[in-house]
C-alpha cells in the first residue's frame, strides 16, 4: 500500500501528541483542530485523559469540537464511565462544549455526585449546558443533595449551577435549609441569596449565610 504525504503528516501529528514537550503537544492539538481528520479523534480523546497541562487539555477539547459530533460522541460517552477521574472530567468538559443533547442521558446521578470534586464540578456545568426543557426540576433535586459539599471552589460551582436552573431549585433549597448540618444550611442560604441577587457575590453570600445559621435562624425566605 502506497503511503501518501497526508498519511505521513497524520502519523507525525499523532506522534507529536505524545511528545515530552508540552509546546509540541500544543501545536499538534492545534493542527488537529485546524485540519480535522477522523484518524485524530481516538488519540485526541485518549490524550485528554492523561494530558498534565491545562492549556494543552483545553486545545485538545477545542480540536475535538472541530470534528463531526458523529465521530466524537461515541468515544466521549465511553470516557465518562472511565475509572480515571481526569478521563471522566475531560470527556464531560468536551461534551459541554459540543452541546449535543444526545449526551444528556450520560449525565447520570453517579456523575453528578461523583466522589472526585473536579469530576462532579464538570458534571454540574455539563448538565446545565445540556438539560432538556422539563428536566430542570429533577436535575435541581439531584444537585441540591450536594449542598455543603467540599471547599469554597466546589461550593461556588454548585451554587452557580443551581442558580442557572432558576426557580426550579427553590424546593431543594428550602429542604436543605432544615438540614442538621450547619454547612448545608449555610450553603442553601447563600445560594438563595445569589438566586435573588446574582450580583451579591458568593463570598459575601456565604459569610452572611454563616452568620444567619450561627444565630440559629433556619429556613429560607418565601418567594
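Quick notes on this one:
- One residue stands out among those in region 174-194 that are in contact (Cβ under 8 Å) with a residue 40 or more places away in the chain and not in a helix (DSSP H, G or I): the one that is surrounded by the fewest Cβ atoms within 10 Å (Cβ to Cβ), which is 178.
- Single unsatisfied condition, residue 158 versus (1) under 30 Å from residue 55 (Cβ atoms); (2) at pLDDT below 90; (3) crowded, with 17+ Cβ neighbours inside 10 Å: (2)
- Flag for residue 75 being under 27 Å from residue 124 (Cβ atoms) and over 21 Å from the mean Cα position of the chain (by Cα): no
Residues are listed down the side, and each one gets a yes or a no for (1) buried (at least 18 other Cβ atoms within 10 Å of the Cβ); (2) touching a strand residue (DSSP E or B) at 6+ places or on another chain (Cβ under 9 Å); (3) farther than 24 Å from residue 85 by Cα; (4) touching a residue at least 24 places away in the same chain (Cβ under 8 Å):
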| site | (1), (2), (3), (4) |
| --- | --- |
| 26 | yes, no, no, yes |
| 37 | no, no, yes, yes |
| 44 | yes, no, no, yes |
| 50 | no, no, no, yes |
| 64 | yes, no, no, yes |
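- Per the conditions (1) at pLDDT 90 or above; (2) in contact with a helix residue (DSSP H, G or I) (Cβ under 8 Å, 6 or more places away or on another chain); (3) under 30 Å from residue 81 (Cβ atoms); (4) surrounded by fewer than 21 Cβ atoms within 10 Å (Cβ to Cβ), the sole criterion not satisfied by residue 171 is (3).
The values are calculated or read from the model by the stated rules, or taken from the named source; none is laboratory data. Since the model is a prediction, treat every value here as computed from it, not as a measurement. Counting neighbours? That spans all protein chains shown, and the Cβs are built from the backbone with ideal geometry, glycine included.
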